Amino acid sequence: MDMLTHALNYASSGYSVLPIKANSKTPLIVYSNRPPLTKTEIEEYWTKYPNANIALKTTDFFVMDIDTKEAHGTDGMKSYKRLPKGAVIPTQTQRTASGGLQLFYRKPKNADIKQIIGFKPGIDIKAHENNYVLVPPSRTSKGKYEWITGLKIVEPTPLLIELISNNHHPQQINAQNGTYQCSIEHKKWTGALLDKLVEGAPEGQRNDFLTRLCGQLLYTKADDRTVWELLNFANNHNQPPLGQQEVRKIMTSILKRELSKYE
């Protein structure tokens, strides 16, 4: 079965499909705030890029992304095993190219599932509507993606929803260095923006992270040079940082979008 057929099958199952550069995690199209691709668009993109990887936007589902110590330096499975009994139930699950696990859960209609990078050591919750995850039979230089369960995607347990919802506390003391942390809900907009400059993003989320950050920096009316310097500063905190050419493409794209508003 070729990649086009796989992409069409995912779309027919209700997923928002994205074409990704072959053997990578880089999108081939601008996808933020874009409606799901139509059957015709999918056929056009995969005819033009027959070996393109396939990604699904986390619009109606979220993923519990569990890293491995070998690939990411943190043993996410250790954190996973420490979750309260009954919090996680079997669902559609895949093994990633780097050997980690991703558990897919349908977003409940009555719950606001937020994206959390660092939900637990080695575990991220990928849930932003403009985020995405690669799916089989995609592959990168690290390996291939493959489904390891024949299960359908299910809704999370109330306990898991509670754990995700309560992950950010209004006030929190960092046990390692004693510094005071305040949740974004209690911060001013500028404080939250400054936090993002040192937040960074893992591979697969860096483009989206810098795109959103660039738009927010330009919204402040700062000089383009200032935005460029801050964007590069933020990129240095990505794991790993994007190349300069990619960062420049992101800023150029957002600048064009902003200028078009005044045409």
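A few points about this structure:
- Qualifying positions in the stretch 209-229 - surrounded by 12 or more Cβ atoms within 10 Å (Cβ to Cβ) and either among the aliphatic types (A, V, I, L, M) or touching a residue at least 24 places away in the same chain (Cβ under 8 Å) (or both): Phe209, Leu210, Thr211, Arg212, Leu213, Cys214, Gly215, Leu217, Leu218, Thr220, Ala222, Val227
For every residue, the table says whether it meets (1) assigned to a helix (DSSP H, G or I); (2) surrounded by fewer than 16 Cβ atoms within 10 Å (Cβ to Cβ); (3) touching a Ser or Thr at 6+ places or on another chain (Cβ under 8 Å).
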{"residue": "Glu44", "(1), (2), (3)": "yes, yes, no"}
{"residue": "Leu56", "(1), (2), (3)": "no, no, yes"}
{"residue": "Thr59", "(1), (2), (3)": "no, no, yes"}
{"residue": "Met64", "(1), (2), (3)": "no, no, no"}
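- Within the stretch 1-29, the only residue that satisfies the criterion of being in a helix (DSSP H, G or I), under 17 Å from Phe62 (Cα atoms) and without any contact (Cβ under 8 Å) to a residue 60 or more places away in the chain is Ala11.
- Residues of the stretch 134-169 satisfying the condition of being buried (at least 17 other Cβ atoms within 10 Å of the Cβ), hydroxyl-bearing (Ser, Thr, Tyr) and in a loop (DSSP other than H, G, I, E, B): Ser138, Tyr145
- Restricting the stretch 122-133 to residues that are in contact (Cβ under 8 Å) with a residue 60 or more places away in the chain, crowded, with 18+ Cβ neighbours inside 10 Å and of a type outside the set (A, V, I, L, M), the residue that is farthest from Ile164 (Cα to Cα): Tyr132
- Contacts under 8 angstrom Cβ, first residue in the stretch 181-205 being modelled with pLDDT under 80, partner among the small types (Gly, Ala, Ser) and in a helix (DSSP H, G or I), 6 or more apart: Cys182/Gly191; Ile184/Ala192
Conditions tested, residue by residue: (1) farther than 24 Å from Gln239 by Cβ; (2) touching an Asp or Glu at 6+ places or on another chain (Cβ under 8 Å); (3) of a type outside the set (Phe, Trp, Tyr).
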{"position": "Asn53", "(1), (2), (3)": "no, no, yes"}
{"position": "Lys57", "(1), (2), (3)": "no, yes, yes"}
{"position": "Phe62", "(1), (2), (3)": "no, no, no"}
{"position": "Gly99", "(1), (2), (3)": "no, yes, yes"}
{"position": "Phe104", "(1), (2), (3)": "no, no, no"}
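- Against the list (1) within 19 Å of Ile117 (Cα to Cα); (2) free of Cβ contacts under 8 Å to residues at least 12 places away in the same chain, the condition Leu83 fails is (2).
The values are calculated or read from the model by the stated rules, or taken from the named source; none is laboratory data. Bear in mind the structure is a predicted one, so any value in this text is a computation, not a measurement. FYI the Cβ positions are ideal-geometry reconstructions off the backbone, even for glycines, and counts take in every protein chain you see.
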